[in-house]
Amino acid sequence: MDRHALHQPSSSSSIPATANTVWTDASPLLEVACKDLRDGELIHVDNFNLYAAMSALEIMDPKMDSGIVNRYCSVDEAIEDGVAPVPISTDKTTDVQCVIDIMDHLLTCEATWHKGHSLAQTVFSCAYLLRPERTSSHALLHSYCKVIRATCKAVITVVSDARTHEEEDLFTMAYGLPLSGDGDEKCLSLLNAVEENISRQLRACKAPSSKRKPLEDIEPLQTNFDLEEGYCKALLCRLRFRKHFFHVLTCMRRPQGRGLELARKHIASCISELGVILKSAEFLMSNAHGTCEDATEDRTTASGHQAIGFDASLNSRISAPTPPRSIKILSWKKAIEYFEKLLHDLDIISSYPLDPSLEVLLRFVAQFQKAQPDLVARAHLQLLLVQDGKLYGKCPMFSLIIRAARLPEVFLHHDIQKNEYVVQLGQLVINMLKILCTNAAWQRRKLGKILQDWRVIYVQIELAFRKDFGEGSSISNGDNASARILKHILIWVEEQTYWISHRFLILGFELELYSPSEYCMVYWYLYVVLIRLAEKTHLKMTVSDGSAKQKGKKRKDSPKELARDAKIPPAISFLQCQICLAEGLTVLLAALRNELMVLQSPSPFNSEHERFIQHFELLQKACIPDNISYPSFEESTSYARFSTLAMYNYFKDAQKIAKEARSGFSNDPDRLAELRVLEQVAEHNSIALNVICGVGALDPSLKVSFEFIHHPCFATVVVKRS
């Protein structure tokens, strides 16, 4: 509790006194109570319980009592105390230095906010932003504050529209902060005017002395002519970065991806200006005046000076219904790195060709997520993918499903798209795309939950198919278009369900949810899911190719044509390689457990069966796959021995398949790169297995471990002698 606040008149209190309330200083009462209380004791009424304790506030605790850490009761009080002077200094050189420090600190606050902290305690800890009208006499600071507010508003809109803010609820909470000021819609025109003025000043100071006289009517930025060029450049790169970054945000929001090409140009300009900002640090530090921050690495400005006009406690009384968080603002260099990565991620999104193929799109999103993009980039990706219930705002979900099910485009406008279950399936695809744009933890949780929805829609479409066309309906003659469409969609829904299951299991590795003692069951389950995924993918291709061939009515009886038909598609070979790796790791881990009794960690809290349920409960509820349970896992792995592994090396098969499949991905560099990594894992594991079998698995000096040094999901076996 803030004593200073208690003694203020009612007019300046955050809760003014009324006819029914009177402010009273409780400090003497608390001091007396503290003398009688021992550690761990608290004052409470008779009906106080554990539930109430969870939401209780501890008075005088800086983390719990927002009043105790307040220097000021209001923004106006802070301004009266000289926290945010305008002008900052009567000395023009010092004024320019301080404005640059404010710009840099706002950049670090913005990056900290993007990382999930409260807007009120980061960007809007700046008193200049809280009272926009005060900076109107300072054109440079006024224009910069306006574009900061407009940028914050644009980012909040993007994240709110994408609804990805559920990951971090505080991100979009504005708490009544002045996000919109008078004339903020003209922020770029004001910024351009200030930029043009500083550009003229830069040209004037760079002009030869013979040409300098005609430019004498241009007022210099500050009083020291030798520093004029350096300060002009430092300001220009910061203003230009702000301008281009705001353009990036607006261009990427244009419907149907129409602004992506222009956004890429502004992204390139942003990255270029960030490089200039970094280079300006040397000049600003060498010409800085006053006391610098203690830690050079943690400094929040290029000059090392503490910025004027900031106080993190200014909004603590309105920041949230919960106690304020302890926030450490990112350093200036970390903030630059954050924006460089953000711009790189936005550039990847902007360069995506908006392919209408769901398979290509899912691979792109999965590949994009490997770089662990932050919230703002993922929100932009989601809004690009799903607009007005359509892919990219122009491709209906039914047409996306038709292409994914490998049906001819002649069915794109078939009336079956009005079928209730087909409409529901389209909504499931939309939900899946949105989920894939969330962070890994949120994504895995949501994917596990929607699996049941996919199984239910499969059953509903299957029942509708049987009801309308009968049990023995055949699509070979192609007479009934509706039957053919539903049959293809059913196969695709099963394939997509197993793709989601595969993604669910893979994300567990990325999130490090599995312990080494659980690798055996995880790889076994992954092996089973991969087999089903390969079967459904191959069935989809076979049915599609069979329909196309029948339509062509061209006989292919020659050996060459038959051999071409029998060739395994690259997508199936890629899955087969992973199947062999998963099976090899499962058998190896099971053999280590059965013969050496290693990688066993009996827990006093839960059994292996219970851990199996904990990891795969969502898959089991959706019956993915059918008839798979813990007893079947035990039965499959209980007889694994090294003698069996020596006879049949699954890793050699994976290595062979990877080599043969390379040619099929010559036009897909990402898939080719992953195939090479899988081949590398298979090669290392094959050698490790030979060493184990050659030396003897029962050799006590032999130590076997599993490390993810090549692939994030398929472990590399490491064999060492102790």
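Overview of results
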read-out	value
Cα gyration tensor shape for the stretch 370-522, rounded if a/c is under 1.5, else prolate or oblate	oblate
Between the stretch 382-451 and the stretch 239-290, the alpha-carbon center distance in angstrom	34 Å
Within the accessible area of the stretch 609-722 (1.4 Å probe), percent carbon and sulfur	51 percent
Semi-axis lengths (Å, descending) of the ellipsoid that matches the C-alpha gyration tensor of the stretch 577-661	26, 19, 11
Percentage, to the nearest whole number, of Cα pairs in the stretch 673-722 over 17 Å apart	35 percent
Flagged links, alpha-carbon separation over 31 Å, of Lys370/Lys621; Lys265/Lys540; Lys146/Lys341; Lys233/Lys334	Lys265/Lys540
Full-stretch length increase - Leu490, Cys623 - with 0.36 nm per residue and alpha-carbon distance subtracted	46.2 nm
Rounded, prolate or oblate (a/c below 1.5 giving rounded, otherwise prolate when a/b exceeds b/c) for the stretch 611-679 by Cα gyration tensor	oblate
Cα gyration tensor shape for the stretch 578-722, rounded if a/c is under 1.5, else prolate or oblate	oblate
For the stretch 577-587, 3J(HN,Hα) per residue [Karplus equation, 6.51 cos²θ - 1.76 cosθ + 1.60, θ = phi - 60°, Hz, x = Gly/Pro]	4, 5, 4, 5, 5, 5, 5, x, 5, 4, 5
Solvent-accessible area per residue for the stretch 321-431 (1.4 angstrom probe, square angstrom)	44 Å²
Highest to lowest packing among 122-132, 383-393, scored as the average C-beta count within 10 Å	122-132, 383-393
Accessible surface of the stretch 387-486 [probe 1.4 Å, protein heavy atoms]: carbon and sulfur percent	48 percent
Average projection area in nm² (convex hull over Cα atoms of the stretch 308-440, one quarter of hull surface)	12.0 nm²
Note, ³J(HN,Hα) from phi for the stretch 197-206, Karplus 6.51, -1.76, 1.60, rounded to Hz, x at Gly and Pro	5, 5, 4, 5, 5, 5, 4, 5, 6, 8
Rounded to whole Hz, the Karplus (6.51, -1.76, 1.60) HN-Hα couplings of the stretch 151-156, x for glycine and proline	5, 4, 5, 5, 5, 4
Rg/Rh ratio calculated on Cα atoms of the stretch 433-474 (Kirkwood radius)	1.27
Overall dimensions of the stretch 390-431 as given by Cα atoms, namely Rg and Dmax in Å	9.6, 26
Computed FRET value (nearest 0.05) for Lys656 with Lys394, which takes r as the C-beta separation and R₀ as 45 Å	0.55
The stretch 592-686 - accessible surface per residue (Å², probe 1.4 Å)	57 Å²
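The values are calculated or read from the model by the stated rules, or taken from the named source; none is laboratory data. The structure displayed is predicted, hence computed values, not measured ones. For neighbour counting, all protein chains shown are included, and Cβ atoms are generated from backbone atoms with ideal geometry for every residue, glycine included. Areas reflect the complete protein model, heavy atoms only, side chains present, ligands, DNA and RNA absent. Shrake-Rupley method; radii C 1.70, N 1.55, O 1.52, S 1.80 Å.
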